[in-house]
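A short write-up of the structure that comes next.
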């Protein structure tokens with residue numbers, strides 16, 4: 001526990017704590033750049049492979065892309081320059097409304113989403129993976145069907161962040177990610193998830 005003297009000094013000189021935070025961010029940035037410099041070839045090759053697979057999937061006839069429709073894959077700039085890539089998909093669901101044992105004619109419109117974020121970690125030889133999975137309910141606002149919002153419907157939603165070795169980024173891993181996004185494989189059957197201990201994951 002910090003001594004009261006240190007706390008008093010920090011409150012009197014807030015720029016010191018701000019500087020240490022800036023230094024930590026800068027150190028993280030430097031570590032990410034060093035990690036990428038050592039592993040850029042394998043990381044970039046994997047991302048090209050994964051983006052290529054998604055492009056191939058989206059070119060399939062619509063009948064072969066049931067139930068997810070299309071997948072999305074894009075690279076996004078970040079302040080840490082961590083080469084962030086985001087991949088996502090969704091599928092529509094319908095659920096009958098019941099009153100006792102008698103179903104209403106109406107039904108809830110649900111959207112099942114899956115998203116995976118991948119970027120270079122500040123830990124050498126690792127990438128950071130963030131997984132999100134949820135079921136959202138389409139809810140009309142003020143009875144206006146053209147104006148809708150999504151709200152969380154699934155109490156068992158998944159949101160987890162963990163590090164994964166760059167050495168494990170190969171074609172088989174890319175295919176597993178495609179399978180997960182296509183809703184043909186559950187996350188519990190994907191080695192890029194199960195090969196990392198839950199103790200090393202951050203669940204939110």
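The values are calculated or read from the model by the stated rules, or taken from the named source; none is laboratory data. Values in this document were obtained by computation on a predicted structure and should not be read as measured data. FYI the Cβ positions are ideal-geometry reconstructions off the backbone, even for glycines, and counts take in every protein chain you see.
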> Do we find a residue being modelled with pLDDT of 90 or more and out of contact with any strand residue (DSSP E or B) (no Cβ under 7 Å at 6 or more places or on another chain) anywhere in the range 86-93?
Replying inline: no
> Could you count how many residues in the range 40-79 are within 17 Å of the chain's Cα centre (by Cα), under 26 Å from residue 30 (Cβ atoms) and in a loop (DSSP other than H, G, I, E, B)?
Replying inline: 2
>> Quick check on this structure: which one of 58, 81 is surrounded by 13 or more Cβ atoms within 10 Å (Cβ to Cβ), over 24 Å from residue 166 (Cα atoms) and modelled with pLDDT of 95 or more?
In response: 58
> Out of curiosity, is residue 129 modelled with pLDDT of 95 or more, touching a strand residue (DSSP E or B) at 6+ places or on another chain (Cβ under 9 Å), in a strand (DSSP E or B) and within 26 Å of residue 41 (Cβ to Cβ)?
Replying inline: yes
>> Pairs please, first residue from the range 76-94 and without any contact (Cβ under 8 Å) to a residue 60 or more places away in the chain and at positive phi, second anywhere and part of a strand (DSSP E or B) and surrounded by fewer than 18 Cβ atoms within 10 Å (Cβ to Cβ), Cβ atoms under 9 Å, 6+ apart in sequence or on different chains.
In response: 83/75
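So that you can scan it fast, the table gives a plain yes or no per residue for (1) touching a strand residue (DSSP E or B) at 6+ places or on another chain (Cβ under 8 Å); (2) closer than 25 Å to residue 117 by Cβ; (3) exposed (fewer than 11 other Cβ atoms within 10 Å of the Cβ); (4) modelled with pLDDT of 95 or more:
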{"site": "10", "(1), (2), (3), (4)": "no, no, no, no"}
{"site": "19", "(1), (2), (3), (4)": "no, no, no, no"}
{"site": "29", "(1), (2), (3), (4)": "no, yes, no, yes"}
{"site": "37", "(1), (2), (3), (4)": "no, yes, yes, yes"}
{"site": "41", "(1), (2), (3), (4)": "no, yes, yes, yes"}
{"site": "49", "(1), (2), (3), (4)": "no, yes, no, yes"}
{"site": "53", "(1), (2), (3), (4)": "no, yes, no, yes"}
{"site": "63", "(1), (2), (3), (4)": "no, no, yes, no"}
{"site": "75", "(1), (2), (3), (4)": "yes, yes, no, yes"}
>> Looking for something modelled with pLDDT of 70 or more, closer than 30 Å to residue 24 by Cα and in contact with a strand residue (DSSP E or B) (Cβ under 7 Å, 6 or more places away or on another chain) - is there at least one such residue anywhere in the range 135-142?
In response: no
>> I need the full set of residues from the range 183-197 which are surrounded by 12 or more Cβ atoms within 10 Å (Cβ to Cβ) and not in a helix (DSSP H, G or I), in order please.
In response: 183, 185, 190, 196
